[in-house]
Amino acid sequence: MITTDGLRGADRFEYWRSAVSDTFVPLRAEPARSAGRPFRGRMRSMALGALQITEVCADAHAVYRTPRLITASGGEYFKLGLQLSGGCVLSQDGREATLAAGDFAIYDTTRPYSLSFVAEYRQLVVMLPRPLLGVPLRVMDRATARRLSGQRGFGALAVSLLRQLPEHQGEFEEAELHRLGDTVSDLVAGLVTAGLDPVASADGSGRGVSITTIRAYIEDRLGDPDLGPEGVAAAHYVSTRHLHRLFQEEGTTVSGWIRQRRLEHCRRELGDPTLRERPVGAVAARWGLTDAARFSRTFRRVYGCSPREYRAAALG
């Protein structure tokens, strides 16, 4: 738990300024005009595998992710803010999202943004490494600083889960935390794509097939080593040319998307303590990657280490 309680009034915001940068990514924080009492703020975080969830409760202030801080510090994450009480204005990519209790918004730490809290508030912040979300970057570029409702669908599921997690901190085993992290990642991906899914409009048959439907079809068949563009297109009664165009609009390719999802499932299993005895080759084959040498090279290129090195680091 990080809290300003017990600090001298004059020291509180300086402490908070340092704490938010240490907890998330380096940020410039500015206090609001005096509320007639010393600044108050507290945070508590929990790790779910590679994800971090932080509950923030604080008085009015603003934070800025500036180009200078991005250049100096890096930190490639997507962050999702769920407003629990009070209000927030998020600005990024020329858009502005005004959040009330129950609303979400996504932002990207690799580009400038600002968050302004005009009164006392509570917010849950989910911080996810960018490569792990499994949503094409071009889609994520369209998702930043847009208000997403938590009233129904994926939003309602996310609210229900995220609200409860901080209250049960300390009750989960290591393997359960990893699985919860995967669940939250999938839920955030669903929240984004459900709100922004472009609908394909092919000529003739296949009209109205959505990219979400196609991605779900692929996800269900990742273990098939023969899965490829031709079969995916045929299953949805569209031409391979049209299928390729849909994925190009998302900044990727059909084969690239299949490879990315296979690698991500392998990464998850390699980091799962309950599967530590499963051979690396068996993990890869389960997800349709039957060439062990090629799998190892591709994994290293994407994640910066070999599958065995990743497992050793993840499982200690």
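Based on the mean of other Cβ atoms within 10 Å per residue, sort peptides 142-148, 7-13 so the most packed one is first. Kindly include the intermediate steps, with their values, before the conclusion.
Numbers: 142-148: 19.7, 7-13: 14.0.
Taking the mean over residues of other Cβ atoms within 10 Å, the ranking is 142-148, 7-13.
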#### Entry: Net length gained if the chain between L137 and E30 were fully extended (0.36 nm per residue, minus Cα distance)
35.5 nm
### Query
Probe 1.4 Å, all protein chains in place: accessible area of S296 in Å², nearest 10?
40 Å²
## Note on the structure
Dividing the helical contributions, -39500 (n - 2.57) per DSSP H run of n ≥ 4, by the residues of the chain yields a 222 nm value, nearest 500 deg cm²/dmol, of -13000 deg cm²/dmol
### Message
Order R259, R301, R130 by their accessible area, 1.4 angstrom probe, all chains in place, largest first.
### Response
R301, R259, R130
### Query
S91 accessible area, nearest 10 Å², 1.4 Å probe?
30 Å²
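Rounded if a/c is under 1.5, else prolate if a/b beats b/c, else oblate: with a ≥ b ≥ c from the C-alpha gyration tensor eigenvalues square-rooted, which is the stretch 20-111? List each step's numbers first, then the result.
Numbers: a/c = 1.32, a/b = 1.24, b/c = 1.06.
In terms of gyration-tensor shape, rounded.
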### Task
For the chain, set up a Gaussian network in which alpha carbons nearer than 10 Å are linked by springs, and say which option among R68, R300, R262 fluctuates the most.
R68
### Query
Residue separation times 0.36 nm, minus the C-alpha to C-alpha distance between T213 and L177: what's the value?
10.1 nm
### Message
Per residue, how large is the accessible surface of the stretch 208-316? Use a 1.4 angstrom probe and give square angstrom.
### Response
51 Å²
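Expected output is a single nm value to one decimal: the length gained when fully extending between R278 and E76, i.e. 0.36 nm times separation in residues minus the C-alpha distance. What is it? Let's see the in-between values first.
Values: separation 202, 0.36 × 202 = 72.72 nm, distance 3.06 nm.
Working it through step by step, the gained length comes to 69.7 nm.
Rounded to the nearest whole Å², what accessible area per residue is found for the stretch 55-185 with the 1.4 Å probe? Numbers along the way, then the final one.
On the way: 5580 Å² over 131 residues.
That works out to 43 Å² for each residue.
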### Query
Any idea how far the Cα center of the stretch 27-76 sits from the one of the stretch 230-281, in Å?
35 Å
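Evaluate the relative contact order of the chain (contact order divided by residue number), counting alpha-carbon pairs under 8 angstrom at least 6 apart; express in whole percent. Mind showing how you got there, number by number?
Working: 527 pairs, mean separation 40.5, N = 316.
About 13 percent, as a whole number.
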#### Entry: Pair S306, S149: separation of 7 Å Cα→Cβ label points (nm)
5.2 nm
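Given a 1.4 Å probe and every protein chain left where it sits, what share in percent of the accessible area of the chain is carbon and sulfur? All intermediate terms of the calculation are to be shown ahead of the outcome.
Values: 7530 of 15170 Å².
Answer for the chain: carbon and sulfur cover 50 percent of the accessible area.
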### Query
What is the sum of charges around E176, taking Lys and Arg as +1, Asp and Glu as -1, for the other residues whose C-beta is under 14 Å from the C-beta of E176?
-3
### Task
Please give the solvent-accessible surface of M43 in Å², to the nearest 10, using a probe radius of 1.4 Å with every protein chain present.
0 Å²
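The values are calculated or read from the model by the stated rules, or taken from the named source; none is laboratory data. The shown structure was predicted, so the numbers you read here are calculated from the model rather than taken from an experiment. Here the Cβ is made from the backbone with ideal geometry for all residues, glycine too, and neighbour counts use every protein chain on show. For the accessible areas, the whole protein counts, side chains as well, though only heavy atoms, and no ligand, DNA or RNA atoms are used. Shrake-Rupley method; radii C 1.70, N 1.55, O 1.52, S 1.80 Å.
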